[in-house]
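See structure below.
The values are calculated or read from the model by the stated rules, or taken from the named source; none is laboratory data. Owing to the predicted nature of the structure, the values given are computational and were not obtained by experimental measurement. Cβ placement follows ideal geometry from the backbone for every residue including glycine, while neighbour counts extend to all protein chains displayed.
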Amino acid sequence: MINENGIVLAPEKYYTFSRDGWYLLYDPVNVIWIRLNKDGVKIVELIKEFKNIDSIIPILAKEYTQQSKEEVQDKVQLFTNNLVSVGFLHKGQYKMRPIRHFFQEVPSEIYLLMTYKCNLRCKYCYNIEDRTEFDKYKYKYLTYKDYLRLVDEAGNLGVKKFVFTGGEPLLNHHTLRLGDYIVKKGLESELITNGLLINKANAEKISESFNIITISLDSVNKKLHEHMRGKNTFEKIIRSVGLLKAYNARIRINSVITNVNVNTVLNTWRWVIEELDCSHYTPALYAPGTNDPKFYKRFLPDMKSLIKEQDNIRKYFKDKPGIAVKYPNIRFSCGIANGEISVGPEGFVYPCHTLHKPEMRCGNLMVQNLERILKESEILKRLREFNVNEIEVCNKCDFKYLCGGGCLSMNYNIYGDFYSNNNFYCKYLKQEQIERMWTSSQIPLSHMKKYLEDSNFNIINPDRTI
Ligand SMILES: C[S@@+](CC[C@H](N)C(=O)[O-])C[C@H]1O[C@@H](n2cnc3c(N)ncnc32)[C@H](O)[C@@H]1O
Ligand code: SF4
Ligand code: SF4
């Protein structure tokens, strides 16, 4: 029963979004959202106005004339109790829930950038400049023994996953055996590859050595893909997918969304699942690796097309549960230094795989162990503790604890600091948070039991299709 002098409060400010006869109510202070039908929204509005249940029963009883006043009272009471228990409504006084910044000194995953060398020259590639830097100084590569030491130490510290990337990681002859070593150790390994070096001779070994293999392919449209990633790559990649599939590899296709392919994302997604028969697809936003607008403006997707394509994707996957679902997370920043770090082939540790800049070096594994670098690096410490509120524009944003301010590395690469708002993607990022709230906005079934038994008074319904 609601008591505490009968006072029930709705959040002072909440957002209401509507779609397909449903309403999403979002309280930005406590970062709580619920999905209601029209009747539910009306009750919340009445509670906001009258701040108690007794005053609103006569108003509702007039509308629901087919039910007795007692019945309406019981149901409104139960509805209100449910919303109190999920934290959207409050008894007596509005209760702020603590929203904590979670720091992780030991990352969950380490990117291993196995080489800056590459057999392709993709136009948008974020590490072209890193490659030049590496070539200039002719650093020595980590040996296989160095990598084993790193994997063993990281595993002991609690790191769960290693992601092999580059340049093209298959150009480093340690990649396959190291992937195999990691899997055999019971840790997770992922390979990100352009797919061109996969052949009949190595497909089985590659399939066994990585829990997931991400292959870069930008569009179902061969011309658009090859425009970005180079001629004669499209068919070779499809052949590689076939070779790996023969050994039951788990394959994810990754496309970089640019102004060139933005309108083909849904078609590519469908093709990946329906024709290529791969279970995972990731459309990744183009992230400029340089602060030269002449360069990155050639690739940034325009916001209108991006949001339109996002909507097409949502509509297409609406009735196909389990495919396009991404749940919201409370976060204060992206995973930079707090969840992931990156290691270059020369042994330097960086806070992110898209931030291999000389000034971002946190230590070198040829001369220090990982634990010490994680503990002592000021760069890692600073970025681990980064808080979205440090970005002035984001600080005022009601979606900040879901968005986290976007990719910090991108801010650094474009604007030269971590404190600028990512005004290229901000609108899209906000929309993405709303989409995620929609997909995850069912009231827990435990709270709904009574309503499900009693469907004639349909104040609120969980969407159980997602
Ligand atoms: C740098 S590549 C290295 C692995 C491998 N050479 C490949 O292309 O898959 C890692 C991933 O980043 C993607 N990528 C490259 N440049 C990017 C950019 N500017 N923005 C977003 N993703 C990018 C690639 O398409 C690839 O999926
Ligand atoms: S294949 Fe990968 S590393 Fe090579 S240029 Fe393309 S995106 Fe960059
Ligand atoms: S990037 Fe935009 S949506 Fe994200 S927190 Fe900042 S202002 Fe909000």
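Got at least one residue in the range 99-112 being more than 30 Å from ASN387 (Cβ to Cβ) and either within 13 Å of ligand 2 (Cβ to nearest atom) or surrounded by 11 or more Cβ atoms within 10 Å (Cβ to Cβ) (or both)?
no
Would a scan of the range 390-397 turn up a residue that is modelled with pLDDT of 95 or more, farther than 30 Å from THR143 by Cα, crowded, with 20+ Cβ neighbours inside 10 Å and out of contact with any Phe, Trp or Tyr (no Cβ under 8 Å at 6 or more places or on another chain)? Lay out the reasoning, then the answer.
Looking only at the range 390-397, we keep the residues that are modelled with pLDDT of 95 or more, and these are 390-397.
Of the ones still in play, those that are also farther than 30 Å from THR143 by Cα are 390-397.
Filter once more, so that each one left must be crowded, with 20+ Cβ neighbours inside 10 Å: 391, 394, 397.
Pick out the ones that are also out of contact with any Phe, Trp or Tyr (no Cβ under 8 Å at 6 or more places or on another chain) and you get 394, 397.
So far as the range 390-397 goes, yes, one or more of its residues are modelled with pLDDT of 95 or more, farther than 30 Å from THR143 by Cα, crowded, with 20+ Cβ neighbours inside 10 Å and out of contact with any Phe, Trp or Tyr (no Cβ under 8 Å at 6 or more places or on another chain).
Please state which one of THR264, THR214 is within 16 Å of ALA284 (Cα to Cα) and touching a residue at least 60 places away in the same chain (Cβ under 8 Å).
Numbers: THR264 fails: touching a residue at least 60 places away in the same chain (Cβ under 8 Å).
Sole residue among the options that is within 16 Å of ALA284 (Cα to Cα) and touching a residue at least 60 places away in the same chain (Cβ under 8 Å): THR214.
Matching residues to (1) touching a residue at least 60 places away in the same chain (Cβ under 8 Å); (2) in contact with a helix residue (DSSP H, G or I) (Cβ under 6 Å, 6 or more places away or on another chain); (3) more than 16 Å from ligand 1 (Cβ to nearest atom):
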| residue | (1), (2), (3) |
| --- | --- |
| VAL343 | yes, no, no |
| VAL349 | no, yes, yes |
| ARG361 | no, no, yes |
| SER377 | no, no, yes |
| VAL393 | no, no, yes |
| LYS430 | no, no, yes |
- Considering only the range 57-84, how many residues are in contact with a helix residue (DSSP H, G or I) (Cβ under 8 Å, 6 or more places away or on another chain) and not small (Gly, Ala, Ser)? 15
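Inspect the range 117-139 for any residue being part of a strand (DSSP E or B) and within 24 Å of the chain's Cα centre (by Cα) and give the result as yes or no. Outline the logic, then answer.
Going through the range 117-139, the residues part of a strand (DSSP E or B) turn out to be none.
Within the range 117-139 (the criterion being part of a strand (DSSP E or B) and within 24 Å of the chain's Cα centre (by Cα)), the answer is no, since none of the residues qualifies.
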- Item | PHE17 being aromatic (Phe, Trp, Tyr), in a helix (DSSP H, G or I), away from ligand 1 (no atom under 16 Å from the Cβ) and touching a residue at least 12 places away in the same chain (Cβ under 8 Å) | no
- Quickly run through the range 194-224 and pick out the residues that are in contact with a strand residue (DSSP E or B) (Cβ under 8 Å, 6 or more places away or on another chain), under 22 Å from CYS125 (Cβ atoms), part of a loop (DSSP other than H, G, I, E, B) and away from ligand 2 (no atom under 16 Å from the Cβ). PHE210
- Task: Take the residues in the range 398-419 that are among the hydroxyl-bearing types (Ser, Thr, Tyr) and without any contact (Cβ under 8 Å) to a residue 60 or more places away in the chain, then tell me which one is surrounded by the most Cβ atoms within 10 Å (Cβ to Cβ).
- Result: TYR412
- Kindly indicate whether ASN422 is crowded, with 17+ Cβ neighbours inside 10 Å, within 16 Å of ALA287 (Cβ to Cβ) and within 9 Å of ligand 3 (Cβ to nearest atom). yes
- Which members of the range 225-257 meet the condition of being assigned to a loop (DSSP other than H, G, I, E, B), of a type outside the set (Gly, Ala, Ser) and closer than 27 Å to SER305 by Cβ? LYS231, THR233
- Message: When the residues of the range 116-160 are narrowed to those that are among the hydroxyl-bearing types (Ser, Thr, Tyr) and within 16 Å of ligand 2 (Cβ to nearest atom), which ends up surrounded by the most Cβ atoms within 10 Å (Cβ to Cβ)?
- Response: TYR116
